[in-house]
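The values are calculated or read from the model by the stated rules, or taken from the named source; none is laboratory data. Not measured: the values here are computed from a predicted model. Cβ placement follows ideal geometry from the backbone for every residue including glycine, while neighbour counts extend to all protein chains displayed.
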Amino acid sequence: MADSLERHIIQRIRVASKRYGLIEDGDRILVGLSGGKDSLCMLEMLARQSRIRKPSFSVEAIHVRMKGVQYEADSSYLDTFCAQWDVPLHVCSTAITSSDSTSKPMCFLCSWNRRKQLFNYAQDHGFNKIALGHHQDDLIHTSLLNLIFEGHFSTMPAKLRMKKMPLTIIRPLCMIAETNIKSYAESRGYLPLHKKCPYETATHRNKVKDLFSEAQQLNPEARYSIWHALEAAGKLVES
């Protein structure tokens, strides 16, 4: 079971990379390593793939700590995990300023400040791509959120070339269901976060997650219907 799941994940990452042009020769990829199951799985799979001759690319990881938010990974575990796969790990910290704290939702501010650190570090150290651990469910949930609350059909693309900086964001897990990543993480014995984000249950995203579960009960093929719609509308690659 574990071996077949591993093969499935590797194969889906390869398909996604080829279909959406995620990984190319000469890439220097910086992995955003939160310490959750998704980013750990992504780092492991990219490290494995980087050992293959084609395409030739390098992988390093960065863990951004957010001061003042009780969301914490075991730093020693991240060190050990990255060392296991011969991936250099960089750790930095950021914080939400008092002037920002009343203007936007906490989740937005936390995410934006972490991304800012990722972008700055990547540019300062010569990376051309940033890999984020969003899986297929994340992209589908985002499309539903945008449709319901924003009035447009779009999502976090599998590949996004930034317009104001020489960076491309890639999401190598974009064709993998969350349940498969969860099962693989359990089989590999990934350690959970020390402390989960206290704000993660107080968002519309969790309600949309329940809505998507209901849609899958109504139609077991709902996942693929929404994904094909995103592909047909050209929403999975932005350049």
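Report the residue count in the stretch 6-37 for those that are of a type in the set (A, V, I, L, M) and modelled with pLDDT under 95.
Adding up the residues that qualify gives 0.
Exactly one of these conditions fails for residue 96: (1) under 17 Å from residue 193 (Cβ atoms); (2) at pLDDT below 95. Give me its number.
(1)
Conditions first: (1) at pLDDT below 95; (2) part of a helix (DSSP H, G or I); (3) of a type in the set (A, V, I, L, M, F, W, C). Residue 139 passes all but one, so which condition is the exception?
Answer for residue 139: the failing condition is (1).
Do we find a residue being part of a loop (DSSP other than H, G, I, E, B), modelled with pLDDT of 95 or more and more than 17 Å from the chain's Cα centre (by Cα) anywhere in the stretch 111-126?
There is at least one residue in the stretch 111-126 that is part of a loop (DSSP other than H, G, I, E, B), modelled with pLDDT of 95 or more and more than 17 Å from the chain's Cα centre (by Cα).
Within the stretch 1-56, restricting attention to residues that are farther than 23 Å from residue 115 by Cβ and among the small types (Gly, Ala, Ser), which residue is surrounded by the most Cβ atoms within 10 Å (Cβ to Cβ)?
Here the answer is 50.
Residue by residue through the stretch 41-93, note down the ones that are touching a His at 6+ places or on another chain (Cβ under 8 Å) and in a helix (DSSP H, G or I).
75, 78
Residue under question is residue 176, and the condition is that it be surrounded by 13 or more Cβ atoms within 10 Å (Cβ to Cβ), hydrophobic (A, V, I, L, M, F, W, C) and touching a helix residue (DSSP H, G or I) at 6+ places or on another chain (Cβ under 9 Å); does it hold?
So residue 176 fits the description; yes.
Out of all the residues in the stretch 149-172, which are surrounded by 11 or more Cβ atoms within 10 Å (Cβ to Cβ) and either basic (Lys, Arg) or assigned to a strand (DSSP E or B) (or both)?
159, 160, 161, 168, 169, 170, 171
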